[in-house]
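Q: First the structure, then my questions, so here it is.
The values are calculated or read from the model by the stated rules, or taken from the named source; none is laboratory data. If you're wondering where the values come from, they're calculated on a predicted model, not measured in any experiment. Here the Cβ positions follow ideal geometry from the backbone for every residue, glycine too, while neighbour counts run over all protein chains shown. Protein only, heavy atoms only, side chains kept; ligands, DNA and RNA dropped before computing areas. Shrake-Rupley method; radii C 1.70, N 1.55, O 1.52, S 1.80 Å.
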Amino acid sequence: MVSEKLNSKQLLNQLTQKHYNDAKAAKERGGLVAWSTSVAPQELCETMGIEVLYPENHAAAIGAKGGAIPLLEYSEGNGYSIDLCSYARINLAYMETEDCCFENMPLPDLIICCNNICNTLIKWYENIARELNIPMIMIDVPFNHDYEVSQERIDYIKGQFKEAIWQLEEICGRPFDYQRFEEVMKISAESAKTWKYAMGLASNVPSPLNGFNIFNYMALIVCMRGKPESIQLFKLVAQELEELIENGGSQFPAKEEYRVMWEGIACWPFLGHNFKTLKKYGINVVGSTYPDAWALIYDANDLDGMARAYASVMNNCGVDYQSDLRTRIIKDFKCDGAIYHMNRSCKLMDFMQFEMQRRVAENTGVPYVVFDGDQTDPRNFAQAQFETKVQALVEMMEQNKAAKNEEVK
Amino acid sequence: MDKILTIISELKEVADYPAQAIKKQMNATGKKAVGCLPVYCPEEIIYAANMLPVGIWGGQTTISKANKYFPAFACSIMQSVMELSLNGVYDDLATVIIPSPCDTLKTVVQNWISGVPQVKCIPIVHPQMSRIEEGVIYLQTEYERVKKEMEAISGQKITNEALTKSIEIYNQYRQTMREFTEFAAVYPEVISPVVRHAVIKSAFFMDKAEHMAMVKELIAELGKLPVKEWNGSKLILTGIMFEPANLIEIIEENRAAIVADDLAHESRLFRTDVPEGNDPMERLARQWQHMKGCSLVYDPKKNRGQMIIEQVKKTGANGVVMCMMKFCDPEEFDYPILKKEMEAAGIPMLYLEIDQQMQSVEQARTRIQSFAEMIANR
């Protein structure tokens with residue numbers, strides 16, 4: 001455990017640093033390092049004491065720090081199409097250069113891939129496994145075309161947990177510790193609950209949370225879900241937010257004029273620009289799908305529950321579910337509008353987005369705008385377009401507000 | 001030779017005018033038609049219910065209504081499938097089955113449900129971890145669901161006997177088609193790239209038993225012809241599909257023969273038989289376990305490149321054409337590894353971008369021409 005006197009921002013920075021340091025130290029002493037997709041069952045590696053790193057997080061940080069272009073171009077030089085996910089292009093380049101503007105992460109001894117957020121990950125990780133000639137643990141989670149996860153799918157996923165455990169036992173050369181597994185499951189589920197609770201505090205009016213801070217906190221729910229430190233952090237975040245609610249304060253550095261839902265991954269290279277543009281109009285992002293994205297909640301020792309949690313991740317669900325979730329977010333978080341990121345990197349979400357926009361708008365009556373962007377390829381985003389779209393949204397929200405005031409009178 | 005030309009012309013007619021061919025059969029047999037989207041639909045189940053499985057792989061059209069569902073950077077096959085379905089082109093089908101091996105196909109199911117409610121859509125999600133028994137069991141439950149739907153639509157029970165017979169016909173069809181591609185490599189003067197494509201494609205819109213009988217006859221007739229030495233180049237195609245038709249004509253103009261292919265639209269369909277066994281549903285599920293070398297089937301060893309290299313050796317091909325379906329993630333991820341492997345093996349490879357809606361093939365013409373010249377001079 002780290003010192004408890006820090007504020008959440010300091011603790012977050014310290015833990016992020018620790019995350020990379022621990023992996024480097026493990027590598028140096030000959031321990032195992034794994035790379036994992038962002039919503040994979042980390043419980044398995046955590047139980048085995050394997051240090052896990054997350055290429056999606058790493059790529060996002062590189063993008064946010066302005067270091068994406070050289071890596072993107074490197075991958076393109078290797079034959080990767082510019083139409084592919086930019087996280088993948090950054091990581092597949094990093095795998096060869098081992099050099100970037102952010103923390104360098106050690107190369108993996110094994111990788112673990114769960115396709116519950118997209119099938120692109122399978123292709124990306126296949127290439128890592130092949131190029132580095134290392135074992136790949138695959139947890140295949142079939143897409144839910146129905147609303148609920150069927151028992152047949154749960155049984156199949158559980159079969160893969162079993163297979164993954166065998167693979168890990170072979171790689172580590174020692175048996176899987178089921179007692180430790182139970183503990184890790186408990187921590188992970190607790191961490192997920194604390195995360196969801198803290199992020200949910202944004203539903204207060206005004207929101208104590210600056211929405212763009214979610215993009216920072218997110219790093220930890222991805223990287224440290226199985227460690228008690230993450231509970232400590234999200235408890236601290238919640239505590240700070242609760243204090244702000246009590247004092248009528250907020251992390252958001254302007255008057256909250258409008259509350260919006262942000263759909264999709266951030267535009268990491270333009271985080272500052274996006275934030276400033278929104279802040280200018282007093283727009284705080286209070287609603288997003290992030291609180292739910294890692295709400296992997298299940299009871300310890302309930303493998304069915306764990307399989308269901310990983311299979312119920314929203315990206316693994318159809319338009320009905322996706323639309324209902326956003327409708328609920330807009331209502332629960334009292335949003336006045338919605339901003340949709342048509343993220344060039346994320347075909348799965350993009351190709352369901354148009355239908356989702358229509359349904360959510362119909363369900364909520366809340367105006368929305370769509371901008372073209374990319375999670376980490378700065379070449380796919382135009383600042384002027386973003387600004388114009390935000391302005392248009394403000395006009396629509398303003399009209400609604402005026403009409404509402406008129407009604408009240 | 002007359003017989004050969006007659007068979008070819010009949011199959012070409014089907015491949016060129018699928019809607020007409022399907023309608024004709026539906027009228028003649030009273031059978032219902034079931035649409036099968038890419039890739040790997042268990043057609044045997046449909047066939048066992050005495051219905052006609054037909055392939056749905058898009059086609060050339062102008063994209064307009066599909067823009068309501070897809071941004072411009074979606075795979076062109078799925079753009080046109082969506083456009084055609086929104087235009088009511090598939091309304092005569094009893095239902096469609098849509099597998100979801102890639103992100104785009106997942107969304108096609110979802111958008112189909114929203115936009116084309118008049119044609120029922122039955123999704124299938126194949127297990128990527130098919131190597132474990134739980135994967136086979138899971139796939140069997142997916143197929144059981146399809147079977148029930150087919151029984152409801154056809155109004156007839158699918159017996160194990162009917163299914164076993166259907167598997168038998170499909171395995172024979174696969175074997176016949178593999179044989180055909182070998183003959184096509186030996187008789188490129190007769191089986192030109194355009195003809196080869198038409199013979200393979202026509203199977204999507206015909207009763208497999210009838211199609212197979214015609215192809216068997218074609219093979220028998222070809223066998224009577226003397227083998228001439230081919231003085232053009234020999235190519236292997238890899239990718240999702242090689243269309244539109246005028247692109248194939250360019251290959252022909254450059255005196256190149258297609259000696260083998262690794263296309264999802266062609267050989268990948270028939271290179272894996274349904275294995276032997278007692279329970280026909282289990283056999284169908286086990287077939288998926290044997291699929292390999294396809295960008296849509298999980299393979300951390302990436303055997304596809306090695307399979308192509310072996311094919312090059314076997315056929316004496318002097319070049320490979322990577323038919324890159326624009327915006328196809330799975331293929332685009334496979335390409336850099338393939339490129340490296342082909343370079344290491346000293347096999348020339350042409351990267352050709354495929355878009356079903358491509359208006360002009362002039363750029364492709366220049367690229368194919370210079371590639372053909374390059375390999376001819378090696």
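Q: With label points built 7 Å along Cα→Cβ from the Cα atoms of B:Gln60 and A:Lys279, find their separation and express it in nm.
A: Calculated label separation equals 5.5 nm.
Q: Follow-up. Rg over Rh of segment A:191-309, using C-alpha atoms and the Kirkwood radius, what does it come to? Walk me through the intermediate numbers first.
A: Numbers: Rg = 15.1 Å, Rh = 15.0 Å.
Ratio value, two decimals: 1.00.
Q: Any chance you could run the full-extension gain for B:Tyr17 through B:His290? It's 0.36 nm times the residue separation minus the Cα-Cα distance, nm to one decimal.
A: Values: separation 273, 0.36 × 273 = 98.28 nm, distance 3.33 nm.
So the extension gain works out to 94.9 nm.
Q: Sticking with this one: Using a simple spin-label model with points 7 Å from Cα along the Cα→Cβ vector, what separation in nm is obtained for B:Lys216 and A:Leu6?
A: Going from the B:Lys216 label point to the A:Leu6 one covers 7.5 nm.
Q: Name the most mobile residue of B:Pro188, B:Pro71, B:Pro348, meaning the one with the largest mean-square fluctuation, in a Gaussian network model of chain B with Cα contacts below 10 Å.
A: With Cα springs under 10 Å in chain B, the top fluctuation among B:Pro188, B:Pro71, B:Pro348 is at B:Pro71.
Q: Please compute the Kirkwood hydrodynamic radius over the protein assembly as shown, one decimal place, Å, based on all pairs of different Cα atoms.
A: Values: mean 1/r = 0.0357 Å⁻¹.
Evaluated on the protein assembly as shown, it is 28.0 Å.
Q: If you roll a 1.4 Å probe over the heavy atoms of the protein chains, what accessible area per residue do you get for segment B:202-249, in Å²?
A: Numbers: 1870 Å² over 48 residues.
Ligands and nucleic acids excluded, the figure is 39 Å² per residue.
Q: Additional query: Per residue of chain B, what 222 nm ellipticity follows from adding -39500 (n - 2.57) for every DSSP H run with n ≥ 4, rounded to the nearest 500? Write down the numbers at each step before the final one.
A: Values: 15 runs with 200 residues, N = 378.
Per the formula, -17000 deg cm²/dmol.
Q: Taking a probe of 1.4 Å, how large is the accessible area per residue of segment B:97-138, in Å²? Each step should come with its number before you reach the end.
A: Values: 1000 Å² over 42 residues.
Result: 24 Å² per residue.
Q: In Å, what Kirkwood hydrodynamic radius results for chain B from the alpha-carbon pair distances? All intermediate terms of the calculation are to be shown ahead of the outcome.
A: Working: mean 1/r = 0.0469 Å⁻¹.
The Cα-based Kirkwood calculation yields 21.3 Å.
Q: Among the trypsin sites (Lys or Arg not before Pro) within segment A:172-270, which fall in a DSSP loop and have no more than 15 other Cβ atoms within 10 Å of their own Cβ?
A: A:Lys255
Q: Taking DSSP loops as anything outside H, G, I, E and B, show the longest stretch in chain B free of GluC sites (Glu not before Pro) there with at most 16 other beta carbons within 10 Å. All intermediate terms of the calculation are to be shown ahead of the outcome.
A: Working: sites that count: B:Glu189, B:Glu229, B:Glu276.
Answer - B:1-188.
Q: FRET efficiency for A:Val408 and A:Asn13, Cβ-Cβ distance as r, R0 = 45 Å, nearest 0.05?
A: Details: r = 45 Å, r/R0 = 1.00.
E between A:Val408 and A:Asn13, to the nearest 0.05, is 0.50.
Q: Let me ask you something else. Taking N as the number of residues in segment B:246-359, what is its alpha-carbon radius of gyration divided by 2.2 N^0.38 Å?
A: Details: Rg = 15.9 Å, N = 114, 2.2 N^0.38 = 13.3 Å.
Against the empirical 2.2 N^0.38 Å value, I get 1.19 for segment B:246-359.
Q: Right, another one. Going through segment A:305-351, which trypsin sites (Lys or Arg not before Pro) have at most 16 other Cβ atoms within 10 Å and a DSSP loop state? Each step should come with its number before you reach the end.
A: Values: sites: A:Arg308, A:Arg326, A:Arg328, A:Lys331, A:Lys334, A:Arg344, A:Lys347; in loops: A:Lys334, A:Arg344.
Loop-located and lightly packed - A:Lys334.
Q: How much of the pair distance distribution for chain A lies past 26 Å, counting alpha-carbon pairs only, in percent?
A: On the way: 45233 of 83436 pairs.
Of the Cα pairs, 54 percent sit more than 26 Å apart.
Q: Could I ask something else about it? In terms of modelled amide H atoms, which long-range or inter-chain residues lie less than 5 Å from the amide H of B:Leu52?
A: Placed amide hydrogens put B:Lys32, B:Ala33, B:Val34 under 5 Å from B:Leu52.
Q: Now for a separate question. Report, ordered by chain and residue number, the lysines lying within cross-link reach of A:Lys276, taken as a straight Cα distance under 21 Å and ignoring same-chain residues fewer than 8 apart.
A: The qualifying lysines are A:Lys9, A:Lys65, A:Lys255, A:Lys389.
Q: Round to the nearest 0.05 the FRET efficiency obtained for A:Glu398 and A:Tyr178 when R0 = 60 Å and r is the Cβ-Cβ distance.
A: Working: r = 58 Å, r/R0 = 0.97.
That gives a FRET efficiency of 0.55.
Q: Oh, and also: Modelling each spin label as a point 7 Å along the Cα-to-Cβ direction, I'd like the B:Asn303/A:Asp304 distance in nm, to one decimal.
A: 3.6 nm
Q: Measure off, as a whole percent, the carbon and sulfur share of the 1.4 Å-probe accessible area of chain B, all protein chains present.
A: Details: 7320 of 14500 Å².
Ligands and nucleic acids excluded, carbon and sulfur give 50 percent.
Q: Chains B and A: buried accessible surface, both sides, probe 1.4 Å, rounded to 100 Å²?
A: Working: alone 16740 and 17410 Å², together 29710 Å².
For B against A, buried area totals roughly 4400 Å².
Q: I've got another one for you. Measuring from centroid to centroid over Cα atoms, what is the spacing of segment A:1-67 and segment B:245-271 in Å?
A: Between the Cα centres of segment A:1-67 and segment B:245-271 lies a distance of 48 Å.
Q: So what is the calculated 222 nm ellipticity per residue for chain A, using -39500 (n - 2.57) for each DSSP H run with n of 4 or more, over all residues, to the nearest 500 deg cm²/dmol?
A: Working: 16 runs with 230 residues, N = 409.
The helix contribution divided over chain A gives -18000 deg cm²/dmol.
Q: Another question about this same structure. What residues of segment A:322-346 lose no less than 50 Å² of accessible area with every protein chain in place versus their chain by itself (probe 1.4 Å, heavy atoms only)?
A: A:Arg344
Q: Only protein chains counted, 1.4 angstrom probe. Which residues of segment B:126-140 are at least 40 Å² less accessible in the assembly than when their chain is isolated?
A: B:Gln128, B:Met129, B:Arg131, B:Ile132, B:Glu134, B:Tyr138
Q: Another question, then. Round to a whole number: what % of the accessible area of segment A:290-402 belongs to carbon and sulfur, probe 1.4 Å? Show your work: numbers first, answer last.
A: Working: 1920 of 4050 Å².
Heavy-atom surface of segment A:290-402 belonging to carbon and sulfur, 1.4 Å probe: 48 percent.
Q: Turning to a different aspect of this structure: Roughly how many Å² is the accessible area per residue of segment A:165-233, as a whole number, for a 1.4 Å probe?
A: On the way: 2610 Å² over 69 residues.
Spelled out: the 1.4 Å probe surface of segment A:165-233, per residue, equals 38 Å².
Q: Counting other Cβ atoms within 10 Å of each Cβ, which trypsin sites (Lys or Arg not before Pro) in segment B:280-319 have at most 14 and sit in a DSSP loop? Could you put the intermediate results ahead of the total?
A: Values: sites: B:Arg283, B:Arg286, B:Lys292, B:Lys301, B:Lys302, B:Arg304, B:Lys313, B:Lys314; in loops: B:Lys292, B:Lys301, B:Lys302.
Sparse-neighbourhood loop trypsin sites (Lys or Arg not before Pro): B:Lys301.
Q: Straight-line reach from B:Lys314: which aspartates and glutamates have a Cα under 15 Å away, not including same-chain ones fewer than 8 places off?
A: B:Glu179, B:Glu182, B:Asp261, B:Asp262
Q: With springs connecting C-alpha atoms under 10 Å apart, model chain A as a Gaussian network and identify which of A:Asn316, A:Asn127, A:Asn210 has the largest mean-square fluctuation.
A: A:Asn127
Q: With a Förster radius of 51 Å, plug the Cβ-Cβ distance of A:Lys186 and B:Lys224 into 1/(1 + (r/R0)^6) and report the FRET value to the nearest 0.05.
A: Numbers: r = 75 Å, r/R0 = 1.47.
So, using R0 = 51 Å, E works out to roughly 0.10.
Q: Could you give the C-alpha radius of gyration of segment A:90-236 expressed as a fraction of 2.2 N^0.38 Å, taking N as the number of residues it contains?
A: On the way: Rg = 18.2 Å, N = 147, 2.2 N^0.38 = 14.7 Å.
Its radius of gyration relative to the 2.2 N^0.38 Å reference: 1.24.
Q: Probe radius 1.4 Å, ligands and nucleic acids ignored: give me the carbon and sulfur share of the accessible area of segment A:1-142 as a rounded percent. Walk me through the numbers before you get to the answer.
A: Details: 2130 of 4560 Å².
The C+S portion of the solvent-accessible surface of segment A:1-142 is 47 percent.
Q: On a 0 to 90 degree scale, rounded to 10, what angle separates helix B:133-154 from the longest Cα axis of chain B?
A: 70 degrees
Q: Hey, which lysines would be in cross-link range of B:Lys340, C-alpha to C-alpha under 18 Å, not counting anything within fewer than 8 residues on its own chain?
A: In chain and number order, the partners are A:Lys123, B:Lys301, B:Lys302, B:Lys313.
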